[in-house]
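Below is one structure, written out as C-alpha cells; comments come after it.
The values are calculated or read from the model by the stated rules, or taken from the named source; none is laboratory data. Since the model is a prediction, treat every value here as computed from it, not as a measurement. Here the Cβ positions follow ideal geometry from the backbone for every residue, glycine too, while neighbour counts run over all protein chains shown.
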Amino acid sequence: MIMRFNTFTFLKTIVTFVLFMTLFGCQLTNFQRSEITKPAPVVNETTPMTSYYLWVMKLDKQEVQAEINKLQSKLNEGNTVAKLRLFLLHSLPSSPQYNPTEALSQLEQQALVGVPDTDLAFIRMLKSQLQQQVSNNKKLTSQQRLLNKKQKQLKAQSNKLAELELRSQKLQQQITQLKEIERSINDNGTPL
C-alpha cells in the first residue's frame, strides 16, 4: 500500500507543533520570571540573629564580603548589633573571613547586655560551638605536628636502613671474594 503525501495534514501538524512549542515556551518563561522577581527578605537592625543567620547562609562569597565591609563601617560607629553580626560572619565556614578563634575572641569581649533572649540563646549556642571548634583545631594542629615529627623520624630510620643495607651488600661482596680466595688457595695451594 502506497501512502500518499497530504500537504494539508502536513501543514496542520506543523502548525500544531509550533503552537504547542510557543505555548509551552511562554509558560516556562513566565515561570522563570516569577522565580526571579521574588522579593528579597528585609534585614535591618531589629532582625533576630537566627533570621539574619538564615539570610546570610543564602549569600554567595562576594555578598558576604560586602556584608562584612558594611558591618565593619558600622562597627566604627560603635554599633553593637554590627559587632554581634560580624562575629557571626567570622564563625561561618563559608565566609571569606572565616576565623573561629577571632569570632570567639570577639564574642568573649562583647558585653551581652540588652540582647534579646532569643538572640542571647543563639549567641550562647554559637559560642559553645566555637569553643568546641577552636579546641578541635588545636587538637588537629597538635596531631599534625606529631605526624610531621613521626614522618621525619620514619624518613631518618628509612635512610639509616638504606645505609645499613648498602653496608651489608658491601660486606656480603667482601665475604664472597674472601671465600673465592680461600677456595682458590685450597684448590691450587696458591692465591689467585
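Below is a table of values for the structure above.
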| read-out | value |
| --- | --- |
| Residues of the stretch 60-115 classified as loosely packed, with under 15 Cβ neighbours inside 10 Å, hydroxyl-bearing (Ser, Thr, Tyr) and over 25 Å from the mean Cα position of the chain (by Cα), total | 1 |
| Residue tally, condition part of a helix (DSSP H, G or I) and touching a helix residue (DSSP H, G or I) at 6+ places or on another chain (Cβ under 9 Å), over the stretch 110-119 | 2 |
| Any hit, the stretch 155-165, residues being of a type in the set (S, T, N, Q) and either loosely packed, with under 10 Cβ neighbours inside 10 Å or closer than 30 Å to residue 54 by Cβ (or both) | no |
| Matching residues, the stretch 141-192, being of a type in the set (A, V, I, L, M) and in contact with a helix residue (DSSP H, G or I) (Cβ under 7 Å, 6 or more places away or on another chain) | 192 |
| Selected residue (only one of 124, 145 is charged (D, E, K, R), within 20 Å of residue 99 (Cα to Cα) and either part of a helix (DSSP H, G or I) or touching a residue at least 40 places away in the same chain (Cβ under 8 Å) (or both)) | 124 |
| Criterion violated by residue 137 - all others in (1) closer than 23 Å to residue 48 by Cβ; (2) in contact with a Pro (Cβ under 9 Å, 6 or more places away or on another chain); (3) among the polar types (S, T, N, Q) satisfied | (1) |
| Index of the failed condition, residue 49 passing every other in (1) more than 20 Å from residue 113 (Cα to Cα); (2) at pLDDT 85 or above; (3) surrounded by 12 or more Cβ atoms within 10 Å (Cβ to Cβ) | (1) |
| Selection within the stretch 116-135 - buried (at least 18 other Cβ atoms within 10 Å of the Cβ) and of a type in the set (Val, Ile, Thr) | 123 |
| Subset of the stretch 13-46 [within 30 Å of residue 81 (Cβ to Cβ), at pLDDT below 65 and of a type in the set (A, V, I, L, M, F, W, C)] | 40 |
